[in-house]
Every structure is written in C-alpha cells, then in structure tokens.
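For reference, the structure discussed in these notes is given below.
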Amino acid sequence: MSQFRAHSVLPGFNLALGFTLLYLSLIVLIPLSALFVKSATLGLGGFWHVVTGDRVLASLRVTFFTSFVAAVINAFFGLIVAWVLVRYTFPGKRIVDALVDLPFALPTAVAGITLATLYAPNGWLGQYFTAHDIKVAYTPLGIVVALTFIGLPFVVRTVQPVLADVEAEVEEAAASLGAGRWDVFQRVIFPAIYPALLTGFALAFARAIGEYGSVIFIAGNMPYISEIAPLLIVAKLEQYDYAGATTIAVAMLLLSFALLLAINILQWWSSRRGTR
Amino acid sequence: MATQIQRRISTHESVSVTLLLIVVALSYLVLFLGIPLFAVFVQALSKGWELYWKALQEPDAWSAIKLTLLTAAIAVPANLVFGVAAAWAIAKFEFKGKSLLITLIDLPFAVSPVVSGLVYVLLFGAQGWFGPWLQAHDIKLIFAVPGIVLATIFVTFPFIARELIPLMQAQGKEEEEAAVSLGASGWQTFWRVTLPNIKWGLLYGVILCNARAMGEFGAVSVVSGHIRGMTNTMPLHVEILYNEYNFVAAFAVASLLALLALVTLVVKSLVEWQAKRSGEPLHHGA
C-alpha cells in the first residue's frame, strides 16, 4: 500500500477510492466492455462486413460530415461571441452570457422539435429559405442546424477564459511597435487562443457525432441521405440486431477516438511550436 | 499628443468594427438560441391557455413528469455521492494511476447517448449477458424503470465529479490536515472544513447534473420501450406527442422542460456569482 500511494494524515482514502472504483466499474467500465466483447463475437470479418455496408457507410459519412460543418460554424461564430463577451460592454451582456449555456440546459428533444418546427418549409424561418428554393428541415442542412445549436457553447466557453487572460501589455507593445489592429490579432492574440479554439472545436465536434435527440426530428431520416449513425444503431436495436447495432457503435467510438487523438496531437504540436 | 491618440486607437478596434462584431455575435445567438427558446412557448400557447393546461393535465403527461422527477431523484444523489468520494480520493491523496482514473471518469461524455443505452441492453436485455438469469428470476430492467435510471446515471456520471476534482485539487489539503491534527474525526473534517469550501462547486455540479438527468433523451429512449404511462419520461413523451402530430401537447410538455432549462441557467449564474464573491472560483466545464 505504501508503494501505491504517498503517506497522508487524512483518513478515508480506502473508503473513497474503493467506492469510486466500484461505482465506476459497475456503471461505466463493465457496461462499456460489454460493447467490445459483443462486437468481438462477430470476428474481424463480420465487423468489416457490417461497417462497410452501404447504408452504414452512408450514415457514418453523414454523421461526420455534418458534425464537422457544424463545428466549423461554431468555431468561427463562437470566437466572435467570446471576443464580444470578453472585450466589449453592452446592455444585457450578462443575460446574453448566461444564455450561451442554453444548449447544455435545454433537453435535446425540445431543441429537436422546436428547430424542426422553425425550419419546416412553412415555419417561421423555413419560409425564407423556401422562398429561395432551399430546404433546411428534412435534409442534411437541417442536421447541421441542430448540431450547430448543440455545439454552440463549447467554443465560446473554452475561448472566453483564455481570451480574458491575454495580457494587455503584449498587445500594447505590439501596437507601439507599429502593428495594426489586424496584425496584433493575427500575430499576438490568435496564437494565444488557438489551442483553446481547437479544444472547443474538438468538443463541439465530438458532441455532435454522438448527438441523437435534437437531430432525428429535423433530419427526415432518409437512408443514404439524412440518416445519422446513432439513428441506425437504434433502428438495428429495434430489429433485435444487437450485433449490428454494437458494430456501428464500436466503429463510431473508434472513429471519434482517432479524431480526438489527431486533434490532441495537432494541439500538442502547435503549443510546442508556440513556446519556441 | 498625436502619437498618444494613435496608440490608444490601435489597441482597440474602430467603432464600426466593434459594432459589426457585436451585431454578428448577437444575431448568431438570437438566431440559434433566442428564437428557438421563444418559439417553444409560442407554440405551446398557440391554441390558448385552456388547451395548454389540458395538455399538461393528461394522465400520461403526469406519469411522465413523475417518472422524470423520480429518475432525477435517484440519479443525482447517486452521482453526488460518487463525485464527492472520487474528488476526496483524487484531490486529497497521491496515488498511482490518478490521471487514468480522471480520464475514465470523463468517459461517459465521449460516448453517444444512444450507445449509453445500448450497453445496458447488451447486459440486461432479453438477449443480453444477464438476460436469461433476470428472466428466470422475473426481474425486468430493460424496458422498465430501473433501466431508465441506470442509463440516466451513466450519461450524468461525470458532472459532479469533474466539477469537484479540480476545485478540491486547487484548494489543497492543508485545512483538512490542520483539522485532523487538532483531533477532528474524518467525518467532522469533511462536514465542517471541506464541505463549506466546496458548497458552490457542489451546487453547480448538482444543477447541471439535474438538468441533464431530467432532459436526457437518446440513452433513455433506447432502454425505455416507450410504454405510455409506464416508462415514458418527459422528453420521450414529447417525442410521442410530436410524432402523433399533437403539437400543442408536445410543446406544452416541452415548455415545462424549457422552463427547467431557464431556471437552471438562472441558478447557475447565481451560483457563479456567489462563488466569485466568496473566493471559490469554479471550474468552467462543459
């Protein structure tokens, strides 16, 4: 025991850690391992066969593509929102700041039916798109709208504290050396907030990939066109195709882990470059 | 004098750029947050208050509300006890594998809600690992209330722990060590020293955990079986009503959930403000 942990006068270590590990195992680790054991029963060939099925591939493509687009939109506008909230004052700013977290607090099903109603061809917002012959609801564009809503707070909340910490002196120094405002942003401020921006982007992206509730109402769920991978999992489950559902789930998990890993490496690489 | 003015100007954007950025940011927020939030209530009341009240007094709506409250009443305390225990072990002691443990605690956030439900079906469903045993003993977990509670605990698992761990780590353990060396027992130390220090962080985690527990859709949808009046939570009831084209009723129930979201945001802001005032900075997480 003494090797495993450093000595402390405080009591309760065994109880606290024991309970933590037990609860973690029962609720998270054992259930999640069931996922991998189940997909292993298919064998590599069976796994590959399910994952490369046309409909599965199409749903994965839709999921990752729409999630990526939504995360890019959120990265761009989230940066502007964070900037405005940190740097400027305007009436109602505190309410606006609190409202940014709405997507965390509003149940996804509520967001789903509301967005579907708003962007339906005759809805409040949909009618303007209809006038230009653009369909939002029941197309991949609708999925992007839902995923943009879901991911909205991530970039704002990761960039905000970092932007607030950027020292005014550095900006002043750059300005007094003759840098224009855009130069200062590009060369001084942006490099400082870039890692946080990337983190926010990754969080929004990851959240969007798994999202279900807000999407299914607005997506139209047409196989090969606007069917997301989580919905296909549910469809397989409803047909008692546990193996198929599990395989898609594992494929989604592996793809998102690979993605997060890539973003982490990118971040690590850019922060190393930044410190030199 | 001239150079001074120039310098002051160059560390701020011009007025037009400032205004443009504010307008862009606010338009974006109004379009994606403001209008949808407003629309929930307008849709719910589109046929008048009378139909709104009637929709909420439906027996099925009532049982959905009760089930949602019950689920949150179990899931939130369970994750609260876990969060405190995990934070106590991680923040107050040094041991091997700590960062791995922290990563594992965050794991449910990386999993799609649908998959969170799926794992319990694989374990306890009719064709799952424990399915035959459960059936032989006449215990129903999937397509029943226990499954809903389990799936909800899973998706809200990290909320309180990830709030408390960085907070308690930042506070260190000197105060607790002083209390213990003065003769306080472990529980006394926790109740009188630790708890007052973390109360705002704790409350913050509880609010966010509760909002998610009451609003969870994907995970619960997979394990619920959608039995009206039995295994429908409020979000699931919203789905059923919406799919039946009963929009007024769907948005009426949805408006309750939207109110919950608004209350959550208000309380959250108050807690943040209080925490700042009492010098207990909160960890801002998703």
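The values are calculated or read from the model by the stated rules, or taken from the named source; none is laboratory data. No experiment lies behind these values; they were computed from the predicted model shown. Cβ: placed from backbone, ideal geometry, glycine included. Neighbour counts: every protein chain shown. For accessibility, only protein heavy atoms count, side chains too; no ligands or nucleic acids. Shrake-Rupley method; radii C 1.70, N 1.55, O 1.52, S 1.80 Å.
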Check your understanding: With the other protein chains left in place, how much accessible area per residue, in square angstrom, belongs to the range A:1-115 at a 1.4 angstrom probe?
Key -> 46
Study note, to complete from the structure: Per residue of B:245-258, other chain Cβ atoms within 10 Å number on average 3
Point to revise | Stokes-Einstein diffusion coefficient of chain A, Kirkwood radius over Cα pairs, 37 °C, 0.692 mPa s, in µm²/s | key: 151
**Study point:** Square roots of 5 times each gyration tensor eigenvalue, C-alpha, the range A:1-149, largest first, Å
**Key:** 41, 31, 14
Practice item. Please turn the phi angles of the range A:151-162 into ³J(HN,Hα) values with the Karplus equation 6.51 cos²θ - 1.76 cosθ + 1.60 (θ = phi - 60°), one per residue in order, whole Hz, x for glycine and proline. Key: x, 3, x, 4, 5, 4, 6, 7, 7, 3, x, 5
Review point. Hey, which lysines would be in cross-link range of A:Lys38, C-alpha to C-alpha under 22 Å, not counting anything within fewer than 8 residues on its own chain?
Key: A:Lys236, B:Lys140
Point to revise | Dipole magnitude (debye, nearest 20) for the protein assembly as shown, charges at Cβ of Lys, Arg, Asp, Glu | key: 520
Point to revise | Neighbouring partner chain Cβ atoms per residue of B:95-101, average, 10 Å criterion | key: 3
Study note, to complete from the structure: B:Thr18 and B:Trp191 label points (each 7 Å along its Cα→Cβ direction) are spaced in nm at 5.4
**Study point:** Spacing of the two label points (7 Å from each Cα toward its C-beta) at B:Lys47 and B:Leu107, in nm
**Key:** 4.7
Revision key, fill the gap. Descending packing, highest mean Cβ count within 10 Å first, for A:86-98, B:221-233, B:20-32 is B:221-233, B:20-32, A:86-98
Review point. Under a point-charge model restricted to the Cβ atoms of Lys and Arg (+1) and Asp and Glu (-1), what is the dipole moment magnitude of the range B:86-219 relative to its Cα centre, in debye to the nearest 20?
Key: 80
Exercise for review: Using a 10 Å cut-off on Cβ atoms, rank the peptides A:259-265, A:35-41 from the highest mean neighbour count down.
Suggested key: A:35-41, A:259-265
Exercise for review: Could you work out the equivalent-ellipsoid semi-axes for the range B:147-286, taking the square root of 5 times each eigenvalue of the Cα gyration tensor, largest first, in whole Å?
Suggested key: 39, 17, 10
Review point. When ligands, DNA and RNA are left out and all protein chains stay put, how many square angstrom of accessible area per residue does chain B have with a 1.4 Å probe?
Key: 45
Review point. Over all residues in B:83-94, what is the mean tally of Cβ atoms on other chains that come within 10 Å of each residue's Cβ?
Key: 6
Exercise for review: Could you pull the Rg and Dmax for chain B, using just the Cα atoms, both in Å?
Suggested key: 23.8, 89
**Study point:** Diffusion coefficient, µm² s⁻¹, Stokes-Einstein with Kirkwood Rh over alpha-carbon pairs of the range A:156-276 at 25 °C and 0.890 mPa s
**Key:** 139
Check your understanding: Going highest first, how would you order B:40-50, A:70-80, B:261-271 by mean Cβ packing within 10 Å?
Key -> A:70-80, B:261-271, B:40-50
Review point. Round to a whole number: what % of the accessible area of the range A:1-98 belongs to carbon and sulfur, probe 1.4 Å?
Key: 72
Revision key, fill the gap. The local net charge around B:His226, scoring Lys/Arg +1 and Asp/Glu -1 for residues other than B:His226 whose Cβ lies under 14 Å from its Cβ, equals -3
